[in-house]
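Heads up: the structure comes next, in structure tokens.
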Protein chains: 2
Amino acid sequence: MAQRNIAVLGAGNVGGTLARLWAAQGHTVRFGVRDPQSDKVQEMVAALRGKGSAAQNHEAVASADIVALCVPWPNAEDAIRASGNMAGKILIDCTNPLSSDLKGLTIGLATSAAEQVARWARGAQVVKAFNTIGAGNFGNAEFGGLRADGFYCGDDRDAKKVVRELIEDVGLEPVDVGPLSNARWLEPLAMLWIDLAFNQKQGTNHAFKLLRR
Amino acid sequence: MAQRNIAVLGAGNVGGTLARLWAAQGHTVRFGVRDPQSDKVQEMVAALRGKGSAAQNHEAVASADIVALCVPWPNAEDAIRASGNMAGKILIDCTNPLSSDLKGLTIGLATSAAEQVARWARGAQVVKAFNTIGAGNFGNAEFGGLRADGFYCGDDRDAKKVVRELIEDVGLEPVDVGPLSNARWLEPLAMLWIDLAFNQKQGTNHAFKLLRR
């Protein structure tokens, strides 16, 4: 594979890890940070074993054809403004617009259909389920020896136990993903499934699995 | 497993499939629909082989302890209003609030951090990547013989080819999920990962895989 010149904006967990792995693959990596001489950044550079360096954003970006944006979202706009002209460069956006309590997206959903349903069906124990993959995979959930997951979420423990059994009844692997408000993440996951199936015309024989170890 | 009385609201693709599979598992299923005598509904009932029936919503729901909401989202509020009191019942919400063109959610995201980044970094070829799972899984992406996926999306074909190689370089299985606007679905997927890891304290050793066959 080709050897690339990559500017990694941000030397935190994501940026540091990508830089280390990319350098080990032979790419030239330059961190773009506010203080290239800080102990923390110099330690990150040392971990690249001669295959990397650090500079201010505009300098790191000027010599790169690829830029990986790995700063916390609240710093993203400043980091881009400090990077100079990126026209024609590949910019990999690794950010997520997380709220500071890690419970939501600041660009994103503050509600879901499931929560709306719960407001309409007052007193019912609402569980979100069976929404993330097409129904053609229900009762037909084997993928080369792997079982597709049936994600579900809700706020009532007993109701979730019952729904878990109903998910097993259609051959899916039940995966409890937490409170009903997490339907905010399951409904967009459904959109990913739908987009691949219909907008990108890849058919309906795909599903998701949460890997654990 | 326990035998359940289930009302399935809606006799379309999702409701019809769930009803058929649940009836085959010994559950009693009753469709809740506007016209229980219609040919289409009667055909669905026949497929349940004596283990099901159809009625108006309020009647189907009255005799059930579990209700599965399987109508299109624009009909959801009416279907719930027509169902009478559901207090104390388990309500499984299988809906997605899809826009009529299947390209978005009507309760949901109309933009993403990636699209904002593209507006800030004018002229750059922005690719969303490396955002859906924790960086601890980069370079360490094997899960019992399965390789965690590295989802990416963007609007520039050549830029995506380059980023694909960089994803392979960190040991992830690259999965192209389409245009940059699909970051609207990858950023919430990251929230699902984050919520399991931090809010639900399950640690960081999990990742996603798109199964295909």
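The values are calculated or read from the model by the stated rules, or taken from the named source; none is laboratory data. Remember, it's a predicted structure, so these values are computed and weren't measured experimentally. A quick note on method: Cβ atoms are made from the backbone with ideal geometry, for glycine too, and the neighbour counts reach across all protein chains shown.
A single entry from A:ALA114, A:ALA118, A:ALA148 fulfils the requirement of being at pLDDT below 85, crowded, with 18+ Cβ neighbours inside 10 Å and facing chain B (nearest Cβ under 7 Å): A:ALA114. Only one entry in B:GLY52, B:GLY26, B:GLY32 is modelled with pLDDT under 95 and more than 10 Å from chain A (Cβ to nearest Cβ), namely B:GLY52. Select the helices (runs of 4 or more DSSP H) contained entirely in the range A:19-97, then report the ones holding at least 3 residues which are touching a residue at least 24 places away in the same chain (Cβ under 8 Å). It comes to A:39-46, A:57-62. Quick check on my filter: what residues within the range B:70-101 are at the interface with chain A (Cβ under 7 Å from one of its Cβ atoms) and in contact with a Ser or Thr (Cβ under 6 Å, 6 or more places away or on another chain)? Hits for the range B:70-101 are B:TRP73, B:ALA76, B:PRO97.
Any residue at all in the range B:167-178 that's in a loop (DSSP other than H, G, I, E, B) and under 20 Å from the mean Cα position of the chain (by Cα)? If you could, list the steps in order and put the result at the bottom.
Taking the range B:167-178 and keeping what is in a loop (DSSP other than H, G, I, E, B), we get B:170-172, B:177-178.
From what's left, under 20 Å from the mean Cα position of the chain (by Cα): B:177-178.
Checked the range B:167-178: at least one residue is in a loop (DSSP other than H, G, I, E, B) and under 20 Å from the mean Cα position of the chain (by Cα).
How many residues are more than 17 Å from B:THR111 (Cβ to Cβ), within 7 Å of chain A (Cβ to nearest Cβ) and in contact with a helix residue (DSSP H, G or I) (Cβ under 8 Å, 6 or more places away or on another chain) if we restrict to the range B:178-209? Give the derivation first.
Pass one, the range B:178-209, residues more than 17 Å from B:THR111 (Cβ to Cβ): B:192-209.
Remaining after also requiring within 7 Å of chain A (Cβ to nearest Cβ): B:192, B:194-196, B:198-200, B:205-209.
Still in the list and also in contact with a helix residue (DSSP H, G or I) (Cβ under 8 Å, 6 or more places away or on another chain): B:192, B:195, B:205-208.
Number satisfying all stated conditions: 6.
Residues to consider are B:LEU180, B:LEU146, B:LEU172, B:LEU186; find the one that is touching a Cys at 6+ places or on another chain (Cβ under 8 Å) and either closer than 27 Å to A:ALA24 by Cβ or among the hydroxyl-bearing types (Ser, Thr, Tyr) (or both). Steps first, please.
Working: B:LEU180 fails: either closer than 27 Å to A:ALA24 by Cβ or among the hydroxyl-bearing types (Ser, Thr, Tyr) (or both); B:LEU146 fails: touching a Cys at 6+ places or on another chain (Cβ under 8 Å); B:LEU172 fails: touching a Cys at 6+ places or on another chain (Cβ under 8 Å).
Going through B:LEU180, B:LEU146, B:LEU172, B:LEU186 in turn, just one is touching a Cys at 6+ places or on another chain (Cβ under 8 Å) and either closer than 27 Å to A:ALA24 by Cβ or among the hydroxyl-bearing types (Ser, Thr, Tyr) (or both): B:LEU186.
In this entry, B:ALA190 passes the filter for residues that are touching a residue at least 12 places away in the same chain (Cβ under 8 Å), of a type outside the set (Asp, Glu) and buried (at least 18 other Cβ atoms within 10 Å of the Cβ). Just give me the residues in the range A:136-145 being at the interface with another protein chain (Cβ under 7 Å from one of its Cβ atoms) and surrounded by 21 or more Cβ atoms within 10 Å (Cβ to Cβ), in sequence order. A:PHE138, the sole residue that qualifies.
Restricted to the range B:1-18, and to residues that are surrounded by fewer than 19 Cβ atoms within 10 Å (Cβ to Cβ), in contact (Cβ under 8 Å) with a residue 12 or more places away in the chain and under 21 Å from B:SER83 (Cα atoms), which residue is farthest from the other protein chains (Cβ to nearest Cβ)? The selected residue is B:ASN5.
Look at the range B:113-129: where a residue is within 22 Å of B:ALA190 (Cα to Cα) and a partner is of a type in the set (Ser, Thr, Tyr) and surrounded by 24 or more Cβ atoms within 10 Å (Cβ to Cβ), sitting 6+ places away or on another chain with Cβ atoms under 7 Å, you get B:ALA113/A:THR95; B:VAL127/B:TYR152; B:LYS128/B:TYR152; B:ALA129/B:TYR152. Selection of the range A:38-64 for residues being surrounded by fewer than 15 Cβ atoms within 10 Å (Cβ to Cβ) and among the acidic types (Asp, Glu) yields A:ASP39, A:GLU43.
Residue-level check: of (1) assigned to a helix (DSSP H, G or I); (2) of a type outside the set (Val, Ile, Thr); (3) in the same structural domain as A:ASN182 (by TED's automatic domain parsing), A:GLY123 misses just (1). Of the residues making up the range B:1-18, those that are assigned to a helix (DSSP H, G or I) and of a type in the set (A, V, I, L, M, F, W, C) are B:VAL14, B:LEU18.
Number of residues in the range A:121-135 that are surrounded by fewer than 24 Cβ atoms within 10 Å (Cβ to Cβ) and charged (D, E, K, R): the value is 1. Scanning the range A:151-180 for residues that are closer than 15 Å to B:LYS89 by Cα, in contact with a strand residue (DSSP E or B) (Cβ under 8 Å, 6 or more places away or on another chain) and of a type in the set (D, E, K, R) yields A:ASP155, A:ASP156, A:ASP158, A:LYS160. Taken over the range B:161-175, the residue count meeting the criterion of being touching a residue at least 24 places away in the same chain (Cβ under 8 Å) and more than 9 Å from chain A (Cβ to nearest Cβ) is 5.
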